[in-house]
1. Considering I259, I233, I282, I237, which residue is at pLDDT below 75, open to solvent by less than 40 Å² (accessible area, probe 1.4 Å), of a type in the set (V, I, T) and assigned to a helix (DSSP H, G or I)?
2. Do you know which residues across segment 166-190 are of a type outside the set (V, I, T) and closer than 11 Å to L29 by Cα?
3. Pairs needed: first member in segment 449-464, under 13 Å from K255 (Cβ atoms); second member anywhere, open to solvent by 60 Å² or more (accessible area, probe 1.4 Å) and charged (D, E, K, R); C-beta distance under 8 Å; at least 6 residues apart or different chains.
4. What single numbered condition from (1) open to solvent by 10 Å² or more (accessible area, probe 1.4 Å); (2) closer than 30 Å to P442 by Cβ; (3) of a type in the set (F, W, Y); (4) at pLDDT 75 or above fails to hold for F289?
5. Report every pair of residues separated by at least 6 positions or lying on different chains whose Cβ atoms are under 7 Å apart, first residue within segment 64-82 and of a type in the set (V, I, T), second open to solvent by less than 10 Å² (accessible area, probe 1.4 Å).
6. Can you find a residue in segment 294-305 that is at pLDDT below 75, farther than 19 Å from Y340 by Cβ, part of a helix (DSSP H, G or I) and not small (G, A, S)?
7. Scanning segment 388-424 for residues that are among the aromatic types (F, W, Y), part of a helix (DSSP H, G or I) and crowded, with 24+ Cβ neighbours inside 10 Å, which turns out modelled with the lowest pLDDT?
8. Residues to consider are Y36, Y21; find the one that is crowded, with 16+ Cβ neighbours inside 10 Å, at pLDDT 75 or above and of a type in the set (F, W, Y).
Amino acid sequence: MDEKTPLIIKPTSRTSNARLYLAVFSAVLGNFNFGYSLVFPSPVIPQLKNSDNPQLRMDTEQIAWFGSIFTLGAAAGGLGAMLLNDLIGRKLSIMVSAVPSTVGYIVMGGAQATWMLHLGRFLTGIAGGMTAASIPVYISEISHPKVRGALGSCPQITAVFGALSLYALGLVVPWQWLAVVGEIPALLMLLLLCFMPDSPRYLIICGKQKQAHEALEFLRGPDSDFMTEFNRIELSISSQGKIRWSDLTTPFYYKPILISIVMRFLQQMTGITPILVYLEPIFHKTDVFLEPKYDAALVGAIRLLSVVIAASLMDKAGRKALLYTSGFLMFLATLTMTMYSHTTPCPSGNLTDTVLPTDVIAQQGEAAFNPITLIPLISTMVFIFGYAMGWGPITWLLMSEILPLGARGVASGLCVGVSWLTAFVLSHVFIHVVETYGLFVPFLFFSVVCVVNIIFTAVCVPETRNRSLEEIENYFRTGRSFTIIDT
């Protein structure tokens, strides 16, 4: 080399994740609200049983509706998101969810009759369904492969944190104020998202290349090689074209859609929703040694710990390994609960009539401690730990990863609709099954479902760790390879 020839050093690109993290945080506030709303009946039902207002006291059927109507609203919200995701975009769909959420909590906070409580629960359910269908898609489309696994678990982490906040506040705050607090996360989400970009992939689909370019530069940083990613996304979208009904018969579309739908169905069939919604009444029924409200808060803390662990392992251990571990832990926990509830005498009466007065609870606390009463608490903690390590966050993440871009908005809404219709049926039937047959019957059913989940993971679920969305699409297009060959 000539000594006079100057040495040109090409600056290295550096991706900054700070703005990406801010965008994800702004969006997952909707999941915080979702988790808070989902378990709202757990501390509220015992308070309503002892309410001074006779118009707010509920019988078994009314409590069953109070617990389950949220999931019916979530199904409606998920189906509505099918249209909104592609009509107005992922970000605006998330922002719209703040309206039914805020109105629902206002109605419940000022409720003077049970129909107002049911209406409020239904409205917050609509908001939950919309966020469940939109937020995972938004996060997966704005994230890059190195952090998508960890960020993809954020919706589940914040939902769990929302549930834990509800359990903790329920120890000291009257139920009306719980409704007031529920308005805050959605309003904060609405404010922050005003300053965040929409999904670059969605903007390219809409022909808004300039806005997509600006969005990707905002999310990756001006010093990053975002143009390479932009060109790759643009090439992938241009090769797909507009989806037609006949396209749904090709493996590229129907395989990931079916996998996503079945996973969301099996996720709910594990019994996670009725267990979370009726957590305190279940602990009353199983005669645990602590007050059920403290048990519920303890389980919420364990659930938060487990999703944080899952987030740290998501891009290291892989999705399938965590799904196997999750299914096995849930199977052990539900089988243990089945044997305990079948062989151990539990308080008589139905699930909602086992809420005991404070003086009775105090007398029980003074009685000799029976170690066997630890079994339902530990089993529930293991179940929640297992669910939150795998079938909780990974089901949401995989749905947003494997669905083809052209059908992602509609298919994600369909998945959420199926999921919450299943949750509605289980939540509504759960109380009546427990009242008729006892706790062991639903838990035996849940243990069988966990075995099915493990088999389904082995046979049908692909490993998507460290794969870009375009590589995952190529896997379903070719049926054999993640590698994209440039032509």
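The values are calculated or read from the model by the stated rules, or taken from the named source; none is laboratory data. Computed from a predicted structure; not experimentally measured. Reconstructed Cβ throughout: ideal geometry from the backbone, glycine too, with neighbour counts over all protein chains shown. Please note that ligands, DNA and RNA were not included when accessible areas were found on the heavy atoms of the full protein model with its side chains. Shrake-Rupley method; radii C 1.70, N 1.55, O 1.52, S 1.80 Å.
1. I237
2. Hits for segment 166-190 are P185, A186, L187, L188, M189, L190.
3. none
4. Only one criterion in (1) open to solvent by 10 Å² or more (accessible area, probe 1.4 Å); (2) closer than 30 Å to P442 by Cβ; (3) of a type in the set (F, W, Y); (4) at pLDDT 75 or above is unmet by F289, namely (4).
5. Taking only residues 6 or more apart or on different chains, the pairs are I69/R121; I69/G125; T71/G125; T71/T273; T71/W420; T71/A423; T71/S427.
6. Looking through segment 294-305, at least one residue is at pLDDT below 75, farther than 19 Å from Y340 by Cβ, part of a helix (DSSP H, G or I) and not small (G, A, S).
7. W396
8. Details: Y21 fails: crowded, with 16+ Cβ neighbours inside 10 Å.
Just a single option satisfies the conditions, and that option is Y36.
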